[in-house]
Every structure is written in C-alpha cells, then in structure tokens.
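Here is the structure we will look at, set down as structure tokens.
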Amino acid sequence: MQLRLENFTKKFDNLTVIDQLNLTVESGEMMALLGPSGCGKSTTLFTICGIHRMNGGTLHFGDRDVSNLPSQQRNVGVVFQNYALYPHMNIRDNIAFPLRVQKLDNATIAKKVAEIAELVHIPELLDRKPAQLSGGQQQRVALARALVRKPDVLLLDEPLANLDAKLRLEMRSEIRRIQLETGITAILVTHDQVEAMSMCDRIALMKGGKIVQLSEPDQMYNDPVDTFVAGFLGNPPISFLDAQVNADVFQVGPSQITIADSLRAKVNGAVKLGIRPEYFGPQFGTGITGKISFVETQGREDLYNVTLPDGSVLRSIQAAGPRLKLGDSVNWGISHDHALAFTPDGARI
Amino acid sequence: MNANFKSWPVIAILSLVSLPLLIMFVFQIVDTFTNPYPGSIWPQMFTIEHWRFLWEEPATGRSSIWAVTWNTFVFASTTAVAVTSISLTAAYALSRLNFPARRFFLAGLIVLHAFPTITLIIAIFLILQFLGLYNSLMGVILVKAALELPFGIWIMKGFYDTVPWEIEMAGVQDGASRFTVWWKLVLPQVQPGLAALLIFSFLSGWSEFVLPLVLAPGNDAQVLSTYLSALILDDAKPDFNLFKSVGLFYAIPVIVIYLVFQKKLMNIYGGGSKG
C-alpha cells in the first residue's frame, strides 16, 4: 500500500523539528529514513504510526486519510529498537496478542501464528519466554508480531542497533527477505548507512528535519547532491580537498588532477573535491604525493590515510598487499572521472 | 562468604547485641504457658490458663477476642485493598499520563509522604465527627487508607517507571486500547510491586494503634492494638501473663506473613527506589 506524507510539520512545544516534509513510499517498497541523531527520522516514524500527533499536513495509506486516526485504527506494524516483547507472555502469546485484541477465534489465531512463525523461521520457539531468546530470535518474534495482522505498513525503528555484528549481517538479509516475501510497504529508520544501502529500495537522507536527498542507494552513493550526503554515505568515508580550477586541471597544492570532461564547462575558481577511498591509489597512476599518516588493516583490504603537503588528508582503500608503513612517502593517482566537485559551501556541481 | 572476609566475628557480635531481644522474646513465649512461683522469675508450672481469653466468655464491658480479631482483619485487609487499588491507578497516571498539575501532585506526594500524620488528628477527628463516621470501623479505614496512599502511590510509581514505554507503544500499535494495555501488558510487569504493597499495607493496618484509639474508642470498633492497650490500662486487676498471651496472639499473623512473603516484601526496596 502506498504511503503518502504531505506537508508534514511537527513541533515540540514551540520548536519546529520538521517543517513541510513530503515523502511518498510506493506500494511494496522498502524505504530507509537515514540520518544522524536528531535529524527527525524517528519523529517521522512515530508520527506515521500515530504515537506523535501531526501539527500540520496529511498522511495517507493508499486512499485512506489516517492523519487524525489513533494508532489503534491505523493498521501499522512497528518493530521497536529493543523489540518491546511482552516479557510475561510466551512467544506464541506475544505473536497472538494483536489477534486476541481483534477477538478472533482460537483456531484462526493458532493458524495465523503458525504461518507467521514459519515465515520468520521460529516455529520451534513458540513456547519459550522472550528472556530465553537471543537478540536475533527476539528480533524475529518482534517482526512476526508486527506482521501477523497484515498491516498496511511496516515500520522498523533501528531494528539492528541492539545486535552484535554477525547477527546484524544475518538479520539484514532476513528482514529484507521477509519484506520481499510479504510484499509489504516498509520504512526503516537507521543511522547506519550500510543498513540503509543494503536493505532498501530507496533512501531518504535527512538532516535537520528535511530530506536532503531521496534516491536509490547506488545513485545516492555515486551522485550525491552535496558534501553532507557524500560524507554520510561510504565507509571508510569520502575525503574532501580544497582545489583551484586551473585551465584543464584541479590544482591541489603542488599536485594536479585532470578535470573530467563532464565537469569541465561547469567549474571555475575555488571548488571542493570529494575523493572516495576506492578511487585513490597506485592503480590510478601517479600525481599525488604525500606521506602515510595512518594504516588500518582490515584483512582483505588495507586502509591508508595519506597526508598531502598542504595538510589535507586523502583516504585510500586497496586490496591487501605489501604493507606500507607509517611515514612512507607515496605517489599515487586519482581516478579523475570519479572525483566529485562541490562549491565551497557544499553544493554539488 | 568470600575468603578475605571471616563470618564468625560478625555473627558473634550480632548474636551478642541481639541476645537481650532474643531473651525477651523467649520469655514472652514461655511466660504465656507457665506460672512462676511468687517472687521468682523462673517458670515452674505449665498452664494454658493465660490463653483462656480465646475460649472464655469475655468479662462484662470487654469485647470477645474473636470479634476484635475480626475487626482487625477487616480493618487491615480493607485498608490494604483500598490502598493498593487506588495506588495502582493513581501511580500509573502519575508515571505515564501527561495531565495538568502533574508536577504539583508529584511534589504533594513527597510532602504528604514525609508529613507527621499525628498532627492532623484533630482535623481528622472533626471531619469524621461531621460525616458521622466517628467511632466506626469505616471511618478509621478511610483515614488509614488515605494516610497510607502517598507511600503506596510513590512505591507503585517507581515500579511503573521501570516498565519500558515501548511495551505500551507496541500494545497500542497492536490495536489494544490504553486500558487493555495497562491491564494486560503493564500490570503484569508491576505485579511484584503490587504484591509487596498489598502485604505491606495489610501489615501496616494490622499494627495501627493511634488512629483506632482516637477515632474509634468504642467497643464495637475495637481492634487488637486497642484491646491490648485497654488490657494493660486496666488497673483493677493487672495480669501480665494474659497481656503477654494476647500480645503473642496479636503478633503471630505478622510473623507468619513475614516468613511466607519476605521475598516479595523485599521488592519494595528493590524496585521502588526509582523516583
């Protein structure tokens, strides 16, 4: 079911945290609300499920206007960060609770619970108490409880934040699988760009109560609208260099970077260059000299920080090879087609 | 006990300090079943005559011990039920709902909690007199429950505060009304507090002395504490062993309740500390 948020405004006392936000999530789509703490992503989520009231604007699920409906009548499934399982009930009763509230008969409830338990792969856990489950299993139960009454929209509030790294990887694909199998419209709130990029069809990157960019993950990564988006996505993060346009090249201190054909007509004067770590290294020739100021080995890959003569730092990530040491001088190149150019105040050129 | 901490010196000191108390308790029990020779404190003859109050007709002007015990039980249990049920709802409101003057109520609770209630006794007396509840068990129950409430509400609020709000929000999202959420999801989480408060206010009612003494001095509403006090104030024929027997009889339920429920009572100090 399509979800449409129009001119949504939210105030806490006199402080406007979200002003005139518009967001449309298509039917069956999984949308990430991504952003740093305090950007309004959770506020938006809690408004969609009805915990917060709107101070302005409308919210539609399909053709149904739910702007002023209480939570109970919105038919939204929510998975909370700490799962919020009911500790005194066993898993079966936890999942059955939304159905019991609807006063369905026992046979129907048992059938639906069994179905959903099958879907999230927990049929053998139904008689346990939440405290006896691992984090990943609790997560599955929370998903089952949110999905069992076939909600119009599924909302996930930082669902992976409480899991350890390995489980997080597993649950990432599990949540996506369940979302695809049920075909439900879903919104994922997260501050982790990896989660957003790996799980969602589209990402809405938020900052200060506004959506800065809304696009598909690879497009957002390769074509960010400003330095904030470019810096938020990617790990290790993008590095920024101050440069001057000098005929056909960007002049960075003593080094020169060829201006890509697509940019040549658009740039002049001072610019900010964004170089992702995978586009800086020995495989792109030479031209940038500096000293290695930080080495981090990640097994398959090595991450280097290279400090240029003017003090700015470039990051490079390369397949693990002959290990360079701190203080070594290097002369590496940049894939100039992939250099992103920004105006000095951060807007993309 | 861990290795660098010997337990026996502690036990020895504690035993020494509690010895006088222990001796008194032992004599309290022994004396109710024995008679000493005149001039001696050592028990000599076994007798159950000091417990005759349990089966003999009461002296004229005295109430039957069973009527008094029943009064005490009604007084304590009604107070406990009233305090617990009102605390459960009031504390939930104070913990979770945003209503006008909430901060005022919270501050008021603390003040009332710390207030020496005996200073209110004259005002309460006048109010009960006005309402026609003076010298009735009902009146004392109302007053006792009202005075216990700040404590009960404060304790229960502490328990409610420890319940994660996500559980309630999840319940609301699952389609349940606020009342269902409270009844089915939140109340089970504060159940230890509920049990502790119920027992605690029962015991508090059972041992209450001043309120019944002042507000219900008549025979009809007499409770065990005032019965006991009337016994010792009777100068005509002092009978200390009878007094001890009634005292023991009065204390037995308290001891039993403590023994059975001590784990639950401890919850009050564990869970209720969060303001």
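The values are calculated or read from the model by the stated rules, or taken from the named source; none is laboratory data. The shown structure was predicted, so the numbers you read here are calculated from the model rather than taken from an experiment. We place every Cβ from the backbone using ideal geometry, glycine too, and count neighbours over all the protein chains shown. We work out accessible area using only protein heavy atoms, side chains counted, and drop any ligands, DNA or RNA first. Shrake-Rupley method; radii C 1.70, N 1.55, O 1.52, S 1.80 Å.
Details
- Helical runs assigned H by DSSP (4 residues or longer) give chain B a calculated mean residue ellipticity at 222 nm of -22000 deg cm²/dmol, each run adding -39500 (n - 2.57) before division by the residue total.
- Straight-distance crosslink candidates among aspartates and glutamates, where the alpha carbon sits under 14 Å from residue A:150 and sequence neighbours closer than 8 are dropped: A:115, A:181, B:174
- Remark: mean inter-chain Cβ contacts per residue of B:163-170 equal 6, using a 10 Å Cβ-Cβ cutoff to other protein chain atoms.
- Each Lys and Arg adds +1 at its Cβ and each Asp and Glu adds -1 at its Cβ; summed about the Cα centre, the protein assembly as shown shows a dipole of about 440 debye.
- Each Cα pair under 8 Å and six or more residues apart adds its sequence gap; the mean of these over the residue count of the range A:126-263 is a relative contact order of 13 percent.
- Put the Cα centre of the range A:5-65 next to the Cα centre of the range B:120-146 and the gap is 55 Å.
- Beta-bridge orientation, the protein assembly as shown: approximately 75 percent antiparallel, per DSSP, counting only bridges with both partners inside.
- For chain A, the residue among A:246, A:134, A:320 whose Cα projects farthest onto the positive side of the dipole built from Cβ charges is A:134.
- Carbon/sulfur fraction of accessible area - the range A:198-315, other protein chains in place, 1.4 Å, %: 47
- Sequence of A:332, B:165 from largest to smallest accessible area, 1.4 Å probe: B:165, A:332
- Relative contact order of the range B:2-47: 22 percent, from C-alpha pairs under 8 Å at least 6 residues apart in sequence.
- Candidates A:29, A:158, A:301, ranked by Gaussian network fluctuation over chain A, Cα under 10 Å, top entry: A:301
- CD proxy at 222 nm, helix term only [per DSSP H run n ≥ 4: -39500 (n - 2.57); per residue of chain A; nearest 500]: -7500 deg cm²/dmol
- Residue-count net charge about residue A:76 - beta-carbon cut-off 13 Å; Lys, Arg +1, Asp, Glu -1: +2
- Residues of the range A:111-151 buried by at least 10 Å² on assembly (accessible area, 1.4 Å probe, chain alone as reference): A:145, A:149
- Each Lys and Arg Cβ is given +1 and each Asp and Glu Cβ -1; about its Cα centre, chain B then shows a dipole of about 840 debye.
- The mean of 1/r over all distinct Cα pairs in the range B:2-47, once inverted, gives the Kirkwood hydrodynamic radius of 13.0 Å.
- Remark: mean inter-chain Cβ contacts per residue of A:82-90 equal 5, using a 10 Å Cβ-Cβ cutoff to other protein chain atoms.
- Debye equation applied to the C-alpha atoms of the range A:94-186, log10 I(q)/I(0) at 0.13 Å⁻¹: -0.43
- Residue-normalised accessible area of the protein assembly as shown, expressed per residue, 1.4 Å probe, Å²: 49
- Look at where the Cα atoms of the range A:198-241 and of the range A:92-158 average out, and the two centres are 34 Å apart.
- Of the Cα atoms belonging to the range B:36-99, the radius of gyration and Dmax stand at 22.9, 70 Å.
- Tilt relative to chain B, helix B:240-271 - C-alpha long axis, 0 to 90 degrees, to 10: 20
- Rg and Dmax of the range A:14-119, Cα atoms only, in Å: 16.7, 50
- Degrees, to the nearest 10: B:224-233 long Cα axis against longest axis of chain B: 30
- One equal scatterer on each Cα of the protein assembly as shown, no solvent, Debye formula: the resulting log10 I(q)/I(0) at q = 0.05, 0.10, 0.11 Å⁻¹ is -0.43, -1.02, -1.12.
- P(r) of chain A over all Cα-Cα pairs, binned every 10 Å from zero, in whole percent: 5, 21, 25, 21, 15, 9, 3, 0
- Inter-part distance where the range A:281-310 and the range B:217-244 are each reduced to a Cα centre, Å: 94
- Here the Gaussian network model covers chain B, with springs between Cα atoms less than 10 Å apart; of B:71, B:35, B:135, B:35 fluctuates the most.
- Most mobile listed residue (A:19, A:63, A:226) in chain A, GNM with C-alpha springs under 10 Å: A:63
- Solvent-accessible area lost on pairing A with B (1.4 Å probe, both sides summed) amounts to about 1600 Å².
- On chain B, 72 percent of the accessible area sits on carbon and sulfur atoms, based on a 1.4 Å probe.
- 0 to 90° range, to nearest 10: angle between helix B:65-96 axis and chain B longest Cα axis: 20
- Measuring between alpha carbons in the structure, the pairs from B:6/B:264; A:103/B:184; B:244/B:264; A:10/A:207; A:11/B:157 lying more than 19 angstrom apart are B:6/B:264; B:244/B:264; A:11/B:157.
- Mean Cα-pair separation over length for chain B, i.e. relative contact order, pairs under 8 Å, 6 or more apart, %: 27
- Charge tally for residue A:42 (other residues, Cβ to Cβ under 13 Å; Lys, Arg +1; Asp, Glu -1): -1.
- Leading residue at positive end of dipole, the range B:59-269 (Cβ point charges), from B:245, B:93, B:117: B:93
- Orientation-averaged projection of the range B:59-269 equals 14.1 nm² [convex hull of Cα atoms, one quarter of hull surface area].
- Along the axis of the charge dipole computed for the range A:180-228 (Cβ charges of +1 for Lys and Arg, -1 for Asp and Glu, origin at the Cα centre), the listed residues A:190, A:208, A:221 are led at the positive end by A:208.
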